[in-house]
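The values are calculated or read from the model by the stated rules, or taken from the named source; none is laboratory data. Keep in mind the model is a prediction, meaning the values are calculated, not measured. Here the Cβ positions follow ideal geometry from the backbone for every residue, glycine too, while neighbour counts run over all protein chains shown.
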């Protein structure tokens, strides 16, 4: 299987300002394997270390500890210009004194390719990113979206083993961002190059990636396919960072390999699937997604009870907030079928029904 | 009440426009008679006798003016080229390195000549060069040229450093990412983007060298008059509109250069 690994970080730590007063541990023993031809996303809030990890793979920084491997070879000591890895920078970093075509050809020229080879590849890249008719424009004569395409073409032209993308869509407006998300997926598919994408936008991460690594405070908390990260978050940070989540304390009554019997604050006992490696100890936190709960007004299958405080219409869905006697209200999201929505008077007693199989027990 | 809702503007302070006009008048008005009387047909610098180019012709045909002008230009070209090269290296050394101890003091030391009174530098150089002349017996142009080079460095350094600081360092990172060695990244990305700053610095140094009187007067050996020191010498004798003509030409050169520097400095990085 190791043949299929494109990039591997082995116990990588990065400390900035080491041996000074302002020592910052940007990465803390990070280990991760990224497969060939994978669209892999590093997701986390600003300052979580995701960009540092990207810069370590590019060679702009060198690890304080641990190693970066590219196709099994340790490249930790190589300078960036000797690594077959290219970057799309957040603000594109296009060369302002060169044309579109000269920018795209720069890497090829630096690799020592002949004029004809460079011209051929640049031509193919211009077609790939649909910029043929703007090839002689200067960088300040094209729009932000077009600059984005040039930056992509420039980084893809030398056919790197891995393409690193540092929040490349953050400067674009929403509509263009959605278009570029599709475009990036297409480019990754057509070129067959491994993409490592850095973002703080969880929606972007979920829609584009084959796998996502959620990072916080210099550590990778969870790696998995988007649906795993969303449906089976391992800890409170991941559950909270990705999508909306209701948290609820609970007490473990008994547990075996596959199931756990827990008691909710209201005294109701339910049985839910046991997560791997459930901690010993009786206090746990439950995570329940708003769309996996239902509002019920009859008395069957009621797990949790409270009074309805708010009803918020958000187009496709309606959000109900229910006061269940905890600090924050329990949020339930219901899809508006046929544009209709159930009308429930505010202040009325309602029940919240949850399928126990969708409840996540968090180890925090 | 309508006035109070408008944003504050210094232009509406009482007397502000008048003060501004007075300043411009004081700065530029004295130049007018100088330029006008350079075209005087008569011998007097204050008595108008009709329009003529005779003083320009006279200055052009004056061997002393010619040789001083050529000397001025040669010294200014050599001094500005050497000073700009050194200033470029200094600017790279103070912005494109990892921060090191003493970086700020190096910056201050490069700019120090701007603060030291020129007459002090001039006297110091006079004494220092006298010692060297004494021991080596060499009396050539090297003294004048090295003195000019030295005081031109900070003038060349400032626009170059400003441009380097305004340049996005991520461009050099991008070049390295695209397989450019540090040297090729410098020649293909840093240097082309720095060029307007280098040209501005060189032209500023050229103008400063061309204009210099004090240091030149103290450092030059016999027969090494530059145009400004020649003019100073002439003023001690009879003053003719020839001086006006030479001054007007120098003024014209300076205005052209400063205008070019202005546009170069504004060019986007």
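Take residue B:197 and decide whether it is within 14 Å of chain A (Cβ to nearest Cβ), crowded, with 20+ Cβ neighbours inside 10 Å and assigned to a helix (DSSP H, G or I).
yes
Name the single residue that is surrounded by the most Cβ atoms within 10 Å (Cβ to Cβ) among those in segment A:234-286 being farther than 20 Å from residue A:352 by Cα and touching a helix residue (DSSP H, G or I) at 6+ places or on another chain (Cβ under 7 Å).
Once the filter is applied, the top-ranked residue is A:238.
Can you tell which of A:96, A:79 is in contact with a helix residue (DSSP H, G or I) (Cβ under 6 Å, 6 or more places away or on another chain) and surrounded by fewer than 21 Cβ atoms within 10 Å (Cβ to Cβ)? Explain how you work it out, then say what you get.
Working: A:79 fails: in contact with a helix residue (DSSP H, G or I) (Cβ under 6 Å, 6 or more places away or on another chain).
None of the others qualify; the one that does is A:96.
Of everything in segment A:209-232, what is touching a helix residue (DSSP H, G or I) at 6+ places or on another chain (Cβ under 7 Å) and surrounded by 22 or more Cβ atoms within 10 Å (Cβ to Cβ)? Give them in sequence order.
A:209, A:212, A:214, A:215, A:229
Among the candidates B:149, B:190, single out the residue that is touching a residue at least 12 places away in the same chain (Cβ under 8 Å), closer than 28 Å to residue A:54 by Cα and assigned to a helix (DSSP H, G or I).
Step by step, each of B:149, B:190 is checked, and only B:190 is touching a residue at least 12 places away in the same chain (Cβ under 8 Å), closer than 28 Å to residue A:54 by Cα and assigned to a helix (DSSP H, G or I).
Does segment A:71-87 hold any residues that are assigned to a strand (DSSP E or B) and within 14 Å of chain B (Cβ to nearest Cβ), and which are they?
Passing the criteria: A:85, A:86, A:87.
So which residues in segment B:137-165 are out of contact with any helix residue (DSSP H, G or I) (no Cβ under 9 Å at 6 or more places or on another chain) and modelled with pLDDT under 90?
Across segment B:137-165, the qualifying residues are B:137, B:140.
On the given criteria, is residue A:138 in contact (Cβ under 8 Å) with a residue 12 or more places away in the chain, within 12 Å of chain B (Cβ to nearest Cβ) and surrounded by 23 or more Cβ atoms within 10 Å (Cβ to Cβ)? Don't jump to the end; show me each part of the working.
On the way: in contact (Cβ under 8 Å) with a residue 12 or more places away in the chain: yes; within 12 Å of chain B (Cβ to nearest Cβ): yes; surrounded by 23 or more Cβ atoms within 10 Å (Cβ to Cβ): no.
So residue A:138 does not fit the description; no.
From the list A:57, A:68, A:34, which one is in contact (Cβ under 8 Å) with a residue 12 or more places away in the chain, under 22 Å from residue A:211 (Cβ atoms) and within 13 Å of chain B (Cβ to nearest Cβ)?
Criteria check complete, one pass: A:57.
Give the residues of segment B:155-171 that are under 17 Å from residue B:209 (Cβ atoms) and surrounded by 23 or more Cβ atoms within 10 Å (Cβ to Cβ), sorted by residue number.
Once the filter is applied, which keeps residues that are under 17 Å from residue B:209 (Cβ atoms) and surrounded by 23 or more Cβ atoms within 10 Å (Cβ to Cβ), segment B:155-171 yields B:155, B:156, B:157, B:159, B:160.
Name the residue, out of B:174, B:180, that is crowded, with 16+ Cβ neighbours inside 10 Å, touching a helix residue (DSSP H, G or I) at 6+ places or on another chain (Cβ under 7 Å), within 21 Å of residue A:157 (Cβ to Cβ) and within 12 Å of chain A (Cβ to nearest Cβ).
Of the residues listed, the single one that is crowded, with 16+ Cβ neighbours inside 10 Å, touching a helix residue (DSSP H, G or I) at 6+ places or on another chain (Cβ under 7 Å), within 21 Å of residue A:157 (Cβ to Cβ) and within 12 Å of chain A (Cβ to nearest Cβ) is B:180.
All but one of (1) within 25 Å of residue B:208 (Cα to Cα); (2) without any contact (Cβ under 8 Å) to a residue 60 or more places away in the chain hold for residue B:68, so report the exception by its number.
Unmet condition: (2).
Quick check on my filter: what residues within segment A:100-112 are more than 9 Å from chain B (Cβ to nearest Cβ) and either in contact with a helix residue (DSSP H, G or I) (Cβ under 7 Å, 6 or more places away or on another chain) or at pLDDT below 95 (or both)?
Within segment A:100-112, A:100, A:101, A:103, A:104, A:105 meet the criteria.
Scanning for something within 14 Å of another protein chain (Cβ to nearest Cβ), under 17 Å from the mean Cα position of the chain (by Cα) and closer than 17 Å to residue B:265 by Cα, does segment B:146-154 turn up at least one residue?
Looking through segment B:146-154, none of the residues is within 14 Å of another protein chain (Cβ to nearest Cβ), under 17 Å from the mean Cα position of the chain (by Cα) and closer than 17 Å to residue B:265 by Cα.
For segment B:99-113, check the following and say yes or no: at least one residue is within 30 Å of residue A:166 (Cβ to Cβ), outside any helix (DSSP H, G or I) and free of Cβ contacts under 8 Å to residues at least 12 places away in the same chain.
Yes, the conditions are met somewhere in segment B:99-113.
Results for (1) loosely packed, with under 14 Cβ neighbours inside 10 Å; (2) at pLDDT 90 or above; (3) more than 11 Å from chain A (Cβ to nearest Cβ), shown as yes or no for each residue.
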position	(1), (2), (3)
B:193	no, yes, no
B:213	no, yes, yes
B:216	no, yes, yes
B:238	yes, no, yes
B:249	no, yes, yes
B:256	yes, yes, yes
B:266	yes, no, yes
